[in-house]
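Take a look at the structure below.
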Amino acid sequence: MTGSRRVLALIGVVVVAVVALGACAAGENVQEMPGGAGFWPGLWHGIILPVTFIVSLFTDTVSIYAVDNNGNWYDVGFVLGLALFSGPVIGLRGRRS
């Protein structure tokens, strides 16, 4: 595979990933879950935070944090999801070959 084809393939994969994550962005806070959103929704919202944040800048119907949550477990999931996404990105940022 030549260098230009690799770049095009990488761009295609990134575009597909961004669209797929954008389709799963957190919605309005009118949804009510019995007992509030827990660990797993918090984890998911943390993972998709970068995409959700960008979408939330252009619309009022998307929020980055579920207000109707069950407290500490949602927060733990949210922070863990954010760390899972941003940790490798920040770690690889300093490496240059």
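In segment 35-56, which residues are over 20 Å from Ala17 (Cα atoms), of a type in the set (A, V, I, L, M, F, W, C) and surrounded by fewer than 18 Cβ atoms within 10 Å (Cβ to Cβ)?
Within segment 35-56, just Trp40 meets the criteria.
Here is a yes/no grid of residues against (1) over 21 Å from Ser86 (Cβ atoms); (2) at pLDDT below 85; (3) among the hydrophobic types (A, V, I, L, M, F, W, C):
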{"residue": "Val18", "(1), (2), (3)": "no, yes, yes"}
{"residue": "Gly22", "(1), (2), (3)": "no, yes, no"}
{"residue": "Ala25", "(1), (2), (3)": "no, yes, yes"}
{"residue": "Met33", "(1), (2), (3)": "yes, yes, yes"}
{"residue": "Pro41", "(1), (2), (3)": "no, no, no"}
{"residue": "Ile54", "(1), (2), (3)": "no, no, yes"}
{"residue": "Ile64", "(1), (2), (3)": "no, yes, yes"}
{"residue": "Gly71", "(1), (2), (3)": "yes, yes, no"}
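Output the number of residues of segment 35-77 satisfying the condition of being acidic (Asp, Glu), within 16 Å of the chain's Cα centre (by Cα) and assigned to a loop (DSSP other than H, G, I, E, B).
Looking only at segment 35-77, we keep the residues that are acidic (Asp, Glu), and these are 60, 68, 75.
Filter once more, keeping what is within 16 Å of the chain's Cα centre (by Cα): 75.
Now drop any that are not assigned to a loop (DSSP other than H, G, I, E, B), which leaves none.
Total meeting the criteria: 0.
The values are calculated or read from the model by the stated rules, or taken from the named source; none is laboratory data. This one's a predicted model, so the numbers in the text were calculated from it and none came from an experiment. All Cβ positions, glycine included, derive from the backbone under ideal geometry; neighbour counts span all protein chains shown.
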